[in-house]
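Enquirer: Sharing a structure with you now.
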Amino acid sequence: MEDGPSFAGWLRERRVLAGLTQAQLAERAGLSLRAVRNAELGSVRKPRPETERRLREALAEAPPEPVRIGVLGPLTVSRGAEPVEIGAEKQRLILALLALQPNRTVRREDLVDVVWDEPPPSCLDLLHTYVARLRRALRPADLIATDKGGYRLSAEESQLDLLEFEALLARDAPGEALALWRGPALADVERLRQHPARLALAMRRAKAVMAYAGVAAPEDAAVQLRVLTAEEPLNESAHARLMLVLAASGRQAAALDVFEDVRRRLADELGIGPGPELRAAHHQVLRQDFAGPEPPARVPAQLPADVPGFRGRAAQLAELDELLHRDGTGARIAVLSGTGGVGKTALAVHWAQRAPAEFPDGQLYLDLHGYGTVRPVEPGDALSGFLRALGVPGADIPAEPDERAAKFRTALAGRRMLLVLDNAGSVGQVRPLLPGSPSCLVLVTSRDALPGLVARHGARRVLVDLLTDAEARDLLRALLGPRVDDESEATEALIGYAARLPLALRLVAELALSREGERLAALAAELADERRRLDLLDGGGDPLTAVRAVFSWSYRHLPADAARVFRLCGLHPGRDLTPVAIAALADVPLPEAERLTGVLVRAHLAQQTGADRVQLHDLLRVYAAELAAAEPDESHAAQERLFDCYVRSAAQAMDVVLPQERHLRPVVPDPDVKVIEAQAWLEAERRNLLAVAAHATRHGWADHLRLLSGILWHYLDVGGYHEEALVLHTHASALAHDAGDRAAEAEPLTLIALGHWRVGRSREARRYLEEALVLVRETGDRRTEIHVLNTLGLVCRALGRFAEAIGYSTEALAVARKTGDRTSEGLVLVVLGCSCRGIGRYAEAAGYHREALALARETADRTSEGYALVNLGDALSAQGNHDEAAVALAEGLEHFRAMGVRVSEGYALGILGDVEHARGRYAEAADHLERAMEIARETGSPTNRGVALKHLGDVRLAQGRPAEAARHLEEALGLARECGDRGVESRVLNSLGAVAAARGASAEALAYYREALAVAKETGCGPEQGRAHCGLGEVHCGLGDAVAAREHWERALACYAGECVPGAIRVRNHLAALDRVAG
């Protein structure tokens, strides 16, 4: 293993076996990421002995002790044998809720609801902070992942006792599984006591205890049953089983004591006597007959068979489990409501089939045919059938429906029975069938929400929504086997085309199974055509399973005005609709639109997705659009009203958010309904606005597309929606070009360039801007010329071409002042100041930013005020005025947060982190920088991420963590080079030189500093050249070469041009120390 290639192969193999990434190995060995990469690539014939020694020692180390989380009892976290402190109550709550739902995304909203009774405005920021602290506490395990919309505990059974419990149950080892329990789940986390996930876990434990009691020795079973009955004192099945195992082990008196205790408790708390199962067990104990409890007489069992491959619905199952154990004096009723084909019946039957022992007196089931082709069942007929099933002779069944209902309630009194009333059409169809006894439980399924049952009878509404993506994939996997994972992309497409609707997913699976040898991708390609999708999902012509037929039953139940609105909703190109949009589509007043929306929601032909938002899932939308296509003239007029509404509302919202830029946007009429809370409206409607733009592009609505591009550009830019903005402006530019409208072409070209700059593609941005500049000078459009020139200043600064940037911004400033455009003047001053800061003219930069700040305050331009404050803070910090910089940055950051300017918030946090580093507040600096990186990821801003990584590397070096610093800086260097940002590149190279010097790698440090110096000379940045010379001098001084050190320090001082900035002070101190030694 002496030559390079064989060592490289050994190193790569050992690292993979150790489960380490290159970055983790670099940190463990105290080497740079580059050194590890080079060693694995075999790019050097023989690695340096010190490098090889460190790598071999690092790979010989014992792995860190594993982290393990416990929820089967009080919440515990340990690393090996040592407990881990995970912080205050809120962090414990977050970890507990994530651990209750391992390997599943828990929404941020759900976490907020658990952590706070009244969430503060900053709750999401606080939530992020708590999660970051949890991640630090759980290191080195990387257990908490950030998913879209929430967080996920990504764990294996060795890391979480709950997963080990479930794995042991799956391996048919209930005794070992139950031995993991240390008490009630999360016994010390009071706020989760009634959480559905915890209740569902308690139910799983109870089932495991009952299963164990059936196979274990009586003495062992009694131990677990004692625990269960103590925690569930009204669980008759558990008490009955405990009586039998006690008696079987020779403890008949103890068994009879159990019966007496539970009999008294049922009478005191529920006012009822023991059920048939307890009575049978009591009788069996008295007879000392332990072959099995006597079944009660005449037990109807009408439930259909469970649905094969049932998947998901954990939350709904937990709700039903909770209802099962609810105390009270009235009948327990659940209304399972949802759209057609969503699996309401399957859920009800699956839940009921899981717990037959809970209903020892039987189960009654009836399809009421409320929706479908068969006449709905009359309540009187339903009662007659139920009474016969309960053993009432036909001659004894009353003729009058009211008398039948009374006799039915009498027959059910005191009996523990389940009633499943399936496919109910109305409350009137259900009400006569309700028992009066609290010992019964009723499940009603309906496409209607049946609010009367909730309001009058206290029913619990259980919404049966579309499956999640994970649940849909699990269902297809159960039906199709390994094909699902073999063709992951095709599976994802099929799930989307089936709208996560269980009925449609099962039809998709049936189609796939019927086409033996055909790939799923071929079926996905067919279903991609919306015009054929419903035809393909026809269930072989079966009217009970064809998706179109199932939807039609609900549609035919609608009043005529609601049916018209449903059809028109299919014309909306976006995902969700508000009553305002529906009012525009249907050309009705807003109150009427709100009423009709409510009709659709109650019929589950639209899904409530927010306080004022509804949505049609994809298959319903296709069905509605199919119906609307029969009326082409009405459809076109409706879409025009809708698109006008969006354009006008967007313009009004932008006028509220940025009134000072009103003159820069197209002029359109006011909307019929005024926008309230403009910033929130823009955020909520962003996807719809972009969907309208996409539809306008495909179908030739050129005016609407042009207007949306000109109205929304600033919102999309500062909100971090860069890729969406690029698509919108590219389409607008193409339409203007095709129309030969050169005056209209320049603005979208500039906006395209702005989008490319935001995502780190500044070279492409410059090409668009040069084309736009030719157009505006040709057409004499002075307003757009300012925008083009200023954006050229931004882009050239991002490329490290600071002199050119200053030239463009100076030209833009002259045009803005000549035309009296005060808003643009302020923005140009900020860009000019940034370019001066980049080239090292700090005092000049601060002057421009102060001028921009005064102008922004004069014009009440909050956004420009934020830009001026933050960049003023950057310039002040460069001059060494760190405290004053922190004040300006904090104020600017407050502006950005108040206005929801996410990209700039991340940018400001990156600078603030650097300032806190300079003030010696390393922990605060790291927090700001980690948050800055997260925002940069969320908003797709590689430039901001690279700068934050550079500053975080500097912080880690100051904290004495050079390996971690090197990792961050290597990544920052890659981003700077990818984006072509030569200014940031020189700064990162200087920082890498400092890291190498701190590790004693003098040759590596000299190489980095020399490379930084070359790049800084190219950009013209004097201070960065000075920093490189300073570093070179320090390395030479450490090597004992005082002459070379002095030469570099004197050059450094010249680069600072006599300014009293921190870098210059450091160099003067070095020279003074050298003079003292020489003297």
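Enquirer: Quickly run through region 474-512 and pick out the residues that are out of contact with any Ser or Thr (no Cβ under 8 Å at 6 or more places or on another chain), aliphatic (A, V, I, L, M) and under 18 Å from TYR623 (Cβ atoms).
Expert: ALA498, ALA499, ALA504, LEU505, VAL508, listed by residue number.
Enquirer: Scan region 753-775 and tell me whether some residue there is touching a Gly at 6+ places or on another chain (Cβ under 8 Å), touching a residue at least 12 places away in the same chain (Cβ under 8 Å), under 17 Å from PRO666 (Cα atoms) and of a type outside the set (A, V, I, L, M, F, W, C).
Expert: Within region 753-775, not a single residue is touching a Gly at 6+ places or on another chain (Cβ under 8 Å), touching a residue at least 12 places away in the same chain (Cβ under 8 Å), under 17 Å from PRO666 (Cα atoms) and of a type outside the set (A, V, I, L, M, F, W, C).
Enquirer: Looking at this structure, is LEU513 assigned to a loop (DSSP other than H, G, I, E, B), out of contact with any strand residue (DSSP E or B) (no Cβ under 6 Å at 6 or more places or on another chain) and of a type outside the set (Val, Ile, Thr)?
Expert: No; evaluated as a whole, the condition is false for this residue.
Enquirer: Regarding ASP321, is this residue in contact (Cβ under 8 Å) with a residue 60 or more places away in the chain and in a helix (DSSP H, G or I)?
Expert: The answer is yes for ASP321.
Enquirer: Got a sec? Which of ARG857, ARG850 is over 19 Å from VAL955 (Cβ atoms), of a type in the set (Lys, Arg), assigned to a helix (DSSP H, G or I) and at pLDDT below 95?
Expert: ARG857
Enquirer: Are any of the residues in region 816-838 under 22 Å from VAL1015 (Cβ atoms) and in contact (Cβ under 8 Å) with a residue 60 or more places away in the chain?
Expert: Yes, that holds for at least one residue.
Enquirer: Here is a further query. Of everything in region 754-765, what is of a type outside the set (A, V, I, L, M) and either crowded, with 20+ Cβ neighbours inside 10 Å or in contact with a strand residue (DSSP E or B) (Cβ under 6 Å, 6 or more places away or on another chain) (or both)? Give them in sequence order.
Expert: GLY755, HIS756, TRP757, ARG758, GLY760, ARG761, SER762
Enquirer: Still on this structure: Only one of (1) β-branched (Val, Ile, Thr); (2) touching a residue at least 40 places away in the same chain (Cβ under 8 Å); (3) not in a helix (DSSP H, G or I) is not met by VAL601, so which one is it?
Expert: For VAL601, the failing item is (3).
Enquirer: While we're looking at this one, here's another question. GLU978 passes all but one of (1) in a helix (DSSP H, G or I); (2) without any contact (Cβ under 8 Å) to a residue 24 or more places away in the chain; (3) under 25 Å from TYR1009 (Cβ atoms); (4) not hydrophobic (A, V, I, L, M, F, W, C); which number fails?
Expert: For GLU978, the failing item is (2).
Enquirer: Under 7 Å between Cβ atoms, at least 6 apart or on separate chains: pull out the pairs that start in region 218-233 with a residue that is more than 16 Å from GLN252 (Cα to Cα) and end on any residue that is aromatic (Phe, Trp, Tyr).
Expert: GLN224/TYR212
Enquirer: Here is a list: ALA357, ALA399, ALA395, ALA331. Which entry is over 36 Å from the mean Cα position of the chain (by Cα), surrounded by 17 or more Cβ atoms within 10 Å (Cβ to Cβ), modelled with pLDDT under 85 and among the hydrophobic types (A, V, I, L, M, F, W, C)?
Expert: From the options ALA357, ALA399, ALA395, ALA331, the qualifying one is ALA331.
Enquirer: In region 729-753, which residue that is under 30 Å from the mean Cα position of the chain (by Cα) and surrounded by 24 or more Cβ atoms within 10 Å (Cβ to Cβ) is nearest to VAL718 (Cα to Cα)?
Expert: LEU751
Enquirer: Select from region 205-217 the residues that are at pLDDT 85 or above and either farther than 26 Å from ARG104 by Cβ or buried (at least 18 other Cβ atoms within 10 Å of the Cβ) (or both) and write down the one among them that is farthest from the chain's Cα centre (by Cα).
Expert: ALA213
Enquirer: Now a separate question. Out of everything in region 792-810 that is over 36 Å from the mean Cα position of the chain (by Cα) and β-branched (Val, Ile, Thr), what residue ends up being surrounded by the most Cβ atoms within 10 Å (Cβ to Cβ)?
Expert: Residue satisfying both the conditions and the ranking: ILE806.
Enquirer: State which residue is nearest to the chain's Cα centre (by Cα) when the search covers only region 912-932 and only residues that are surrounded by 24 or more Cβ atoms within 10 Å (Cβ to Cβ) and either of a type in the set (A, V, I, L, M) or within 26 Å of ASP147 (Cα to Cα) (or both).
Expert: Across region 912-932, the extreme among qualifying residues is ALA932.
Enquirer: Identify all residues within region 557-577 that are in a loop (DSSP other than H, G, I, E, B) and either modelled with pLDDT of 95 or more or buried (at least 24 other Cβ atoms within 10 Å of the Cβ) (or both); write none if there are none.
Expert: HIS572
Enquirer: Scan region 869-885 for residues that are assigned to a loop (DSSP other than H, G, I, E, B) and without any contact (Cβ under 8 Å) to a residue 24 or more places away in the chain and report the count.
Expert: Looking only at that region, the number is 1.
Enquirer: Just to verify a result, which residue in region 1033-1055, among those that are outside any helix (DSSP H, G or I) and not charged (D, E, K, R), is farthest from ALA1014 (Cα to Cα)?
Expert: Among those residues, the one meeting the criterion is GLY1040.
The values are calculated or read from the model by the stated rules, or taken from the named source; none is laboratory data. Everything quoted here is computed from the prediction, not taken from an experiment. Glycine also receives a Cβ, built like all others from the backbone with ideal geometry; neighbour counts cover every protein chain displayed.
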